[in-house]
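Contents: one structure, followed by commentary.
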Amino acid sequence: MNRNLLRGLQVAWGLPEFRDGVRHLVDLDEVAVLLAALSVPDHGHEVERSLLSLLRSALDTVEIRAAVLLLLERDDVRRPLVAALVEPLADRPGLAAAVTSAVEDPAVRREVRAVLDNATVRELIWQAVENQVSDNRVGLIRRAAVLFVRHRGVRRLAWALRRHGVARELRRQPR
C-alpha cells in the first residue's frame, strides 16, 4: 500500500471525531476482505464492483460523507492523501501539480462538498462510474452531458478545476 495513503488513513483514523462518526456505519470486516482481494494482481471486475458498491453506500450515508469531507479540510490528513493520489502521476508532473493545486484550494473543496451533497448529482456520478467500469462509452458521455447541462454546481466545479489547469493537463498526452 502507498505509504502516503497509509499515513493519511492512519491520521484520519486517529481523529476521534472521524472514528466515532463512522464506527457504527462501516463494516470493517468487509473493508478488510475487499482490500485483501484488491491486493491480488488479477482481482477481477467483481471485486472492483464490490468496492464501488461500498463506496457508493458510504457516500450516500450522510455521516460518512460529512466525516470524509471534514477530513479533507485538515491539512495533516489532506496532504498525505493528495501525495498518495499524485504519486502514480510521476510521468505527468503537470497533471500532478494541477491536481495538488486544485485540492489545496478551499474554493474547489467547497464546490466538491456542494456537488456531493446533492443526491441527484451523486446518482448521476455513480451511473457514469458504472458506465465507465462496464466500458459503456455512450452511457458515460450521456451521464456526463446530463451532469453538465442540468447541474450548475458541476459546471462550477469543472470551472474551478479548469482554473488550476486540470482539464488542460488531462488532455495533454503523457510522455
Somewhere in the stretch 135-143, is a residue under 16 Å from the mean Cα position of the chain (by Cα) and open to solvent by 30 Å² or more (accessible area, probe 1.4 Å)?
-> no
Lone unmet requirement of (1) at pLDDT 75 or above; (2) more than 14 Å from the chain's Cα centre (by Cα) for Ser53 = (2)
Just to be sure, is Glu169 touching a residue at least 24 places away in the same chain (Cβ under 8 Å) and among the acidic types (Asp, Glu)?
-> yes
When you look at Val108, is it within 20 Å of Trp159 (Cα to Cα), in contact with a His (Cβ under 8 Å, 6 or more places away or on another chain) and of a type in the set (Val, Ile, Thr), yes or no?
-> yes
In this structure, is Val129 surrounded by 13 or more Cβ atoms within 10 Å (Cβ to Cβ) and either of a type outside the set (Asp, Glu) or in a helix (DSSP H, G or I) (or both)?
-> yes
Of the residues that sit in the stretch 47-83 and are within 17 Å of Arg109 (Cβ to Cβ) and of a type in the set (Gly, Ala, Ser), which one is most open to solvent (accessible area, probe 1.4 Å)?
-> Ala66
Answer residue from the stretch 75-112, given it is outside any helix (DSSP H, G or I) and among the charged types (D, E, K, R) and is farthest from the chain's Cα centre (by Cα) among those | Asp91
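The values are calculated or read from the model by the stated rules, or taken from the named source; none is laboratory data. Only a predicted model underlies this, so the values are computations on that prediction, with no experimental measurement involved. Note that we place each Cβ from the backbone using ideal geometry, even for glycine, and neighbour counts take in every protein chain shown. Side chains included, ligands, DNA and RNA excluded: accessible areas come from the protein's heavy atoms. Shrake-Rupley method; radii C 1.70, N 1.55, O 1.52, S 1.80 Å.
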